[in-house]
Amino acid sequence: MADRPERIKRELMYQGTILDVYKDTMQFTNGKTEEWDLVSHRMGAAAILPVLPDGRILLVRQYRNALERETIEIPAGARDSKSEDTKACAVRELEEETGYRSENVSYLLSLRTTVAFCDEFIDIYLATDLMPGIQHLDEGESIDVEAYELSTLCQMIYEGRIQDAKTVSAIMAYSNKIK
């Protein structure tokens, strides 16, 4: 394995609401330097795969500015603070975005969204035994809740219709788990 580069300088280039962008100057063992971008997600996030009693999975459809289109995703959101438990965050996001609650929530997997330039992590949970609650969206959110068969979701992934990393990971992990 090659020797690790050393960060010799970090400059904050942009400070946003939930993320910061840095320019890191990295020095290699041969003495050469390069500048690398780093997107730092301040809070981390949590997501949840909600499964209805009939086996269908709830996803949310919402507009994503980065893609300039609607996407279909599992409910997710940033933690309120660095100390907030990701399971509590996932449970909160479930009800806020879908209007459903669950007292049967278990850990499914963790992922890093884009390791080449971003430190964001997302813990993903599985929610079963869903019960109707009250949807309460954040201001500026417009979300449609849709239910799908697992086989349909897998097909949508293979067709490229679902590309969101957390959603693809959660669906494929769940599909493997219930085999």
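How do the pairs read when you match residues in region 1-14 that are farther than 15 Å from E35 by Cα with residues anywhere that are at pLDDT below 95, using Cβ under 6 Å and keeping only pairs 6 or more apart or on different chains?
Listed by first residue and then by second, the contacts come to D3/T29.
Can you name the residue in region 159-178 that is in contact with a helix residue (DSSP H, G or I) (Cβ under 9 Å, 6 or more places away or on another chain) and free of Cβ contacts under 8 Å to residues at least 40 places away in the same chain and, of all such residues, is surrounded by the most Cβ atoms within 10 Å (Cβ to Cβ)?
V168
Residues checked against (1) of a type outside the set (G, A, S); (2) within 19 Å of I18 (Cα to Cα); (3) surrounded by fewer than 21 Cβ atoms within 10 Å (Cβ to Cβ); (4) in contact (Cβ under 8 Å) with a residue 60 or more places away in the chain:
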site	(1), (2), (3), (4)
G44	no, yes, yes, yes
L59	yes, no, no, yes
E68	yes, no, yes, no
I72	yes, no, yes, yes
D80	yes, yes, yes, no
A88	no, yes, yes, no
M131	yes, no, yes, no
S142	no, no, yes, yes
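Take E141 and decide whether it is modelled with pLDDT under 90 and of a type in the set (D, E).
Yes: the conditions hold for E141.
Given the options R69, R56, name the one that is at pLDDT 95 or above and basic (K, R).
R56
What's the total number of residues in region 93-127 that are crowded, with 18+ Cβ neighbours inside 10 Å and in contact (Cβ under 8 Å) with a residue 60 or more places away in the chain?
Of the residues in region 93-127, 9 are crowded, with 18+ Cβ neighbours inside 10 Å and in contact (Cβ under 8 Å) with a residue 60 or more places away in the chain.
For region 17-33, give me each residue that is loosely packed, with under 11 Cβ neighbours inside 10 Å and without any contact (Cβ under 8 Å) to a residue 24 or more places away in the chain.
Of everything in region 17-33, those that are loosely packed, with under 11 Cβ neighbours inside 10 Å and without any contact (Cβ under 8 Å) to a residue 24 or more places away in the chain turn out to be T17, N30, G31, K32.
Any residue at all in region 57-66 that's among the charged types (D, E, K, R) and within 18 Å of V168 (Cα to Cα)?
Within region 57-66, one or more residues are among the charged types (D, E, K, R) and within 18 Å of V168 (Cα to Cα).
Kindly indicate whether E68 is out of contact with any Asp or Glu (no Cβ under 8 Å at 6 or more places or on another chain) and under 29 Å from K177 (Cβ atoms).
It is false that E68 is out of contact with any Asp or Glu (no Cβ under 8 Å at 6 or more places or on another chain) and under 29 Å from K177 (Cβ atoms).
The values are calculated or read from the model by the stated rules, or taken from the named source; none is laboratory data. The structure presented is a predicted model; accordingly, all values stated were derived computationally and were not measured. We place every Cβ from the backbone using ideal geometry, glycine too, and count neighbours over all the protein chains shown.
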